[in-house]
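Reviewing the structure listed below.
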Amino acid sequence: MKNTTRLLGIAALLITGLAACNAAPPVDTQATIEAAVAATGAAQAANQATIEAAVAATTAAQAASQPTPTATLVVPPQATGQPTDLPPEVVAMTEEELAALIDQAVNEAVAATEQVAAASEQAAADGTVSPDEVQTVEVSFANADEAMAYAEELLGLYTSLYGELAVAAVDELSQVEDELAALVVAVDELNQVMAEVNTSLEQGVALAEETIAQIETAAQTVSETAQTVQSQTQAWQTTHQTDRDNRIATAVAVPPNQVSGDPQVAIKNVLDFVQTGQAATADGQISADELAQLAQLGANASAAAGQSGSLEMQELAGLLTTVTEHLAGGNIPQAQAGLAQLGVAAPLALPPNNIPQDPRSAIQTALEFASAGQQILQGDPPTPEQLVQLAQLGSNASAGLSASGMPQLQQLAGKVNDITGQISLGQPAQAQLQINQLGAALNSLPDINLPEKPDLPNRPSLPDKPARPSK
């Protein structure tokens, strides 16, 4: 298919799981693709929410006899030492989202501890403390403890996820952690003083002036330390944003060191980028070294795609840049979705290099494609080289079927594209089912008799030209 938006629409649909086909008559693949295109709109952004919307929109285009497979979410393993008692939606945040949440959590912890300090100072302002005032301070302590613990967990999560990527930001964050730890100590000391006050009140012992002074001093320490934590957090936010912006700018500016205008080489480069990126982000993290490797692979793949001469492949260059930006920016969920989309879109973008010239040849090429797909499904996950070979056969077969002029063949061109996408995405069951259907449809076609070229009459011989007289 030559329209790039349609191509990426197919990729987005395949990413979330194509509906499995059964023995019912084949659906109109082109209609399904057009429905997906209309629903995906912004599929090139590789946003998972958009992809899910595309699937919902295409449900009506699927035949009622086709059961929809249940999507399986693969959760990357957590890194060693990563906090595990945080909600999954927090752990799955992007770097920027997590940084914003840290800022909010620290501000809330600062506010809660300042409330402790204010309540303690107010209780001691008249030179004595009542049991009701002690109870008020105890409630403030509970709120502050919870807020500080949550902030500490988020700081630990950021360090765990981005410690090997955002080096400068993590160094700055360690100072926030130190100041927050000092705030915890200061609050604990004030809590201890108030606990002693409470014991004295229960025993009916009058409070000494030294005790009141301890309360005021401890409360002042809490307030000052809280302000230091807030200032340090603001400095970290600035460092984090600068570090992130620099990483993105550096990653997308890497020049290519290998460029080829061969479409097959270009697609292989894209698939190398995809498989390397998927391996690097499988644990939900990415290191600076992994990012540098992916930035170089992405630069090479983008340059090759841009020089291939194919508009569809040139559009892949933009998607490569977007995924690289996500990787550099710590947007791992978006990067993973983009990698999956690239893995499907790249094989489908490969232009044909040998279009069958008649229906019989188109059928033969389609059968060869089905046989090659069958062999791949029987082995290990395909390598980029194997995917390129399969994609080239599929591109040739799809072009030949579309150009055959026969509706029963033209409607099979979309099925060839679906099979390529399913194998690229790692959906062997769906691909096998579609291969079986494609083979059955091709083998059930009646023999196609090609019209024979009429015999042309022999041209009459021209009379010999008279010889020129010699001078």
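Any read-out appearing in this document is the output of simple, stated calculations on the displayed coordinates, not a laboratory observation. Everything numeric here is computed off the predicted structure, so don't read it as measured data. Positions of Cβ are generated from backbone atoms using ideal geometry, with glycine treated the same way; all protein chains shown enter the neighbour counts.
Here are the numbers for the structure shown:
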read-out	value
Using θ = phi - 60° and Karplus 6.51 cos²θ - 1.76 cosθ + 1.60, couplings along region 316-321 (whole Hz; Gly, Pro as x)	4, 4, x, 5, 4, 5
Linear extension gain, D188 paired with A253, 0.36 nm per residue minus alpha-carbon span	18.4 nm
Measure of compaction for region 284-358 (Cα Rg per 2.2 N^0.38 Å)	1.26
Using θ = phi - 60° and Karplus 6.51 cos²θ - 1.76 cosθ + 1.60, couplings along region 340-351 (whole Hz; Gly, Pro as x)	5, 5, 4, x, 8, 5, 4, x, 6, 8, 5, x
At 1.567 mPa s and 4 °C, Stokes D of region 287-426 from Kirkwood alpha-carbon radius, µm² per second	80
Kirkwood Rh, Cα atoms: Rg over Rh of region 345-437	0.95
For region 367-381, 3J(HN,Hα) per residue [Karplus equation, 6.51 cos²θ - 1.76 cosθ + 1.60, θ = phi - 60°, Hz, x = Gly/Pro]	5, 5, 4, 4, 5, 5, x, 4, 5, 5, 5, 7, x, 6, x
Net +/- balance of residues flanking L342 in space, Cβ distance below 12 Å, scoring K and R +1, D and E -1	-2
Kirkwood-based shape ratio for region 140-296, expressed as Rg/Rh from alpha carbons	1.28
Summed residue charge, Cβ within 14 Å of D243's Cβ, Lys/Arg positive, Asp/Glu negative	-4
q = 0.13, 0.14, 0.23 Å⁻¹: log10 I(q)/I(0) that the Debye formula gives for region 219-307, counting C-alpha atoms only	-0.58, -0.63, -1.07
Pairs of alpha carbons in region 129-216 whose separation is greater than 19 Å (percent)	52
Inter-site label distance for T199 and D126 at 7 Å from Cα along Cβ, in nm	2.6
Mean shadow area of region 100-168, taken as a quarter of the surface of its Cα convex hull (nm²)	5.4
